[in-house]
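The structure appears right after this line, and notes come after that.
The values are calculated or read from the model by the stated rules, or taken from the named source; none is laboratory data. What you see is a predicted model; the values in this text were computed from it and never measured. We place every Cβ from the backbone using ideal geometry, glycine too, and count neighbours over all the protein chains shown. Protein only, heavy atoms only, side chains kept; ligands, DNA and RNA dropped before computing areas. Shrake-Rupley method; radii C 1.70, N 1.55, O 1.52, S 1.80 Å.
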Amino acid sequence: MSSPQVITPADKLAEAKKQPNFPRIVAICGSTRFMAEMAEADLRETKAGRIVVKPGCDLKSPHELWSDPVEAEALKIRLDELHRSKILLADEVLVVGDYIGDSTRSEIAYARSLGRPVRFTHPEVDPDA
């Protein structure tokens, strides 16, 4: 007698994404200096019927959750890992802003290594253009 197959949340998501009416998932990337532009992109992508994931914290803006510099550095590492997971989850990436720093450049390379299409609000900043 075989044991029952365990269906994980990842299995359920993969199956749901195969459905023709399942919305595309867009990961927004960019410097946190563009948080307002990311919020605007979120609105536009959501209006277009897409599921949006984006950075949820701006460590450059003061907040009690990252006021301790040591804790802030550890948090940045965790948030970078979390954002890579968002890119992995996504069907495509939208890069916001007219500046690409090292972190965003790394995210673009990661997305492309996964075969994710990458769009830009400012195509002229595409490091591979």
Candidate set: the stretch 72-110, residues that are not in a helix (DSSP H, G or I) and not aliphatic (A, V, I, L, M); chosen: the one surrounded by the most Cβ atoms within 10 Å (Cβ to Cβ):
Gly97
Top-ranked residue in the stretch 17-31 [being at pLDDT 85 or above and not in a loop (DSSP other than H, G, I, E, B); ranked as surrounded by the most Cβ atoms within 10 Å (Cβ to Cβ)]
Cys29
Could you please find all residues in the stretch 111-129 being outside any helix (DSSP H, G or I), touching a residue at least 24 places away in the same chain (Cβ under 8 Å) and closer than 19 Å to Arg24 by Cα?
Leu114, Arg116, Pro117, Val118, Arg119, Phe120, Thr121
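Return the residues of the stretch 32-45 that are touching a residue at least 40 places away in the same chain (Cβ under 8 Å) and open to solvent by less than 40 Å² (accessible area, probe 1.4 Å); say none if nothing qualifies.
Answer for the stretch 32-45, where residues must be touching a residue at least 40 places away in the same chain (Cβ under 8 Å) and open to solvent by less than 40 Å² (accessible area, probe 1.4 Å): Phe34, Met38, Ala41, Glu45.
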Give the stretch 46-71 a look and list any residue that's open to solvent by 40 Å² or more (accessible area, probe 1.4 Å) and either in a helix (DSSP H, G or I) or in contact with a Cys (Cβ under 7 Å, 6 or more places away or on another chain) (or both), or say none.
Thr46, Lys47, Glu64, Leu65, Pro69, Val70, Glu71
Conditions: (1) touching a helix residue (DSSP H, G or I) at 6+ places or on another chain (Cβ under 8 Å); (2) within 24 Å of Asp126 (Cα to Cα); (3) part of a helix (DSSP H, G or I). Ala39 meets all but one. Number of the miss?
(1)
